[in-house]
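See structure below.
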Amino acid sequence: MTSVAIVTGASSGIGAATARRLAAEGFHVLAAARRADRLADLVAEIAANGGQATAVTCDVTSDESVAGLAEAAAQAPGPVTLLVNNAGGARGLDPVESGSIGDWQWMYDVNVLGTLRVTQALLPALEASGAGTIVVVSSTAGLTVYEGGGGYTAAKHAQTAIAGTLRLELCGRPLRVIEIDPGMVRTDEFGLVRFDGDADRAAAVYAGVPGPLVAEDVADCIAWCATRPEHVNVDRLVVRPRAQAAQHKVHRVG
Ligand code: 8X3
């Protein structure tokens, strides 16, 4: 029977690339995100390429919406063996002394509580499958801090803490927990959300960087980790572009 993979934040970027990749790997993908029109296009594209996917409109900041995702998982045509907690994002690049409480609340709700809500809701199905995998897409921002990144790095550190704690708590049960920490990834929307639609500011982050990661690079890492034999747990995978040796050590040309 086809295994089911759930991907949150699937309407764009890393989430969409992961949904495509997991469908190509043979999973039936439940592609979850807020934007139904984007999901419909994605699901149609996956089907046109011979894959299987179902769109599930879901806002990870809503308990009710996440309950709907769990219901969709219960109706899915196979055991739920993989959850990719990908929904997340950054807002603002303000110093702590002037950071917006609203931005910080949003980042905590989407990145941290979103992971908590979705994981809690799907854990029973993942465990019932006999071999469940929980992926937490955190960030290198979950491992270090940088000026202006306080709200985002705090949220990502919390996500990283959840992944580590879950792995301890689930030890001995048929569940594994994988944390993926991407560095500089150029996607259509991450920078636009962070800078409130300012495309120039978003593009400047990658200016002169030869070969920032793209969403497919991260999807590749997620798919590799999630398709290892079930006794293998890749605890954490940190992936950056070659041009980024560390958060502040970025090679730029021009
Ligand atoms: C995004 C990486 O460097 O913008 O998760 O914080 S960074």
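Does Val135 fit the bill of being out of contact with any strand residue (DSSP E or B) (no Cβ under 9 Å at 6 or more places or on another chain) and either crowded, with 20+ Cβ neighbours inside 10 Å or basic (Lys, Arg) (or both)? Taking the combined requirement at face value, the residue does not satisfy it. Taking the listed residues Gly172, Gly211, Gly197, Gly148, the one that is over 17 Å from the mean Cα position of the chain (by Cα) and closer than 20 Å to Arg34 by Cα is Gly197, with no other qualifying. Scanning the range 45-66 for residues being among the hydrophobic types (A, V, I, L, M, F, W, C), open to solvent by 30 Å² or more (accessible area, probe 1.4 Å) and within 19 Å of the chain's Cα centre (by Cα) gives a total of 1.
Scanning the range 233-252 for residues that are aliphatic (A, V, I, L, M) and either free of Cβ contacts under 8 Å to residues at least 24 places away in the same chain or more than 21 Å from Val136 (Cβ to Cβ) (or both) yields Ala243, Ala245, Ala246, Val250.
Looking across the range 148-161, the residues that are open to solvent by 40 Å² or more (accessible area, probe 1.4 Å) and either within 11 Å of the ligand (Cβ to nearest atom) or aliphatic (A, V, I, L, M) (or both) come down to Ala154, Ala161.
Scanning the range 205-225 for residues that are open to solvent by less than 20 Å² (accessible area, probe 1.4 Å), assigned to a helix (DSSP H, G or I) and within 14 Å of the ligand (Cβ to nearest atom) yields Ala215, Val218. Within the range 214-231, residues that are closer than 19 Å to Gly13 by Cα reach partners that are in a helix (DSSP H, G or I) and open to solvent by 60 Å² or more (accessible area, probe 1.4 Å) with beta carbons closer than 7 Å, at six or more positions or on different chains, in the pairs Ala219/Arg21; Asp220/Arg21; Ala223/Arg21.
Quick check on the range 108-125. Is at least one of its residues within 16 Å of the ligand (Cβ to nearest atom) and either among the charged types (D, E, K, R) or open to solvent by 40 Å² or more (accessible area, probe 1.4 Å) (or both)?
To start, the set of residues in the range 108-125 that are within 16 Å of the ligand (Cβ to nearest atom) comprises 108, 110-112, 114-115.
In the following step, the residues that additionally are either among the charged types (D, E, K, R) or open to solvent by 40 Å² or more (accessible area, probe 1.4 Å) (or both) were identified as 108.
Within the range 108-125, one or more residues are within 16 Å of the ligand (Cβ to nearest atom) and either among the charged types (D, E, K, R) or open to solvent by 40 Å² or more (accessible area, probe 1.4 Å) (or both).
Pairing residues of the range 135-151 that are hydroxyl-bearing (Ser, Thr, Tyr) with residues that are within 11 Å of the ligand (Cβ to nearest atom) and at pLDDT below 95, at Cβ distances under 6 Å and at least 6 apart in sequence or on separate chains, gives Thr144/Gln247; Tyr146/Gln247.
Quick check on my filter: what residues within the range 27-50 are among the small types (Gly, Ala, Ser) and over 15 Å from Val7 (Cα atoms)? Hits for the range 27-50 are Ala44, Ala47, Ala48, Gly50. Listed here are the helices (runs of 4 or more DSSP H) enclosed by the range 1-82 that have at least 2 residues being touching a residue at least 60 places away in the same chain (Cβ under 8 Å): 13-24, 63-75. If you take the residues of the range 166-204 that are more than 20 Å from Gln247 (Cβ to Cβ) and in a helix (DSSP H, G or I), which of them is nearest to the ligand (Cβ to nearest atom)? Step by step, filter the range 166-204, then rank; the result is Leu192.
The values are calculated or read from the model by the stated rules, or taken from the named source; none is laboratory data. Nothing here was measured: the structure is a model prediction, and the numbers come from that model. Cβ coordinates were reconstructed from backbone atoms using ideal geometry, including for glycine residues, and neighbour counts include every protein chain displayed. Heads up: the accessible areas ignore ligands, DNA and RNA and are worked out on the full protein's heavy atoms, side chains in. Shrake-Rupley method; radii C 1.70, N 1.55, O 1.52, S 1.80 Å.
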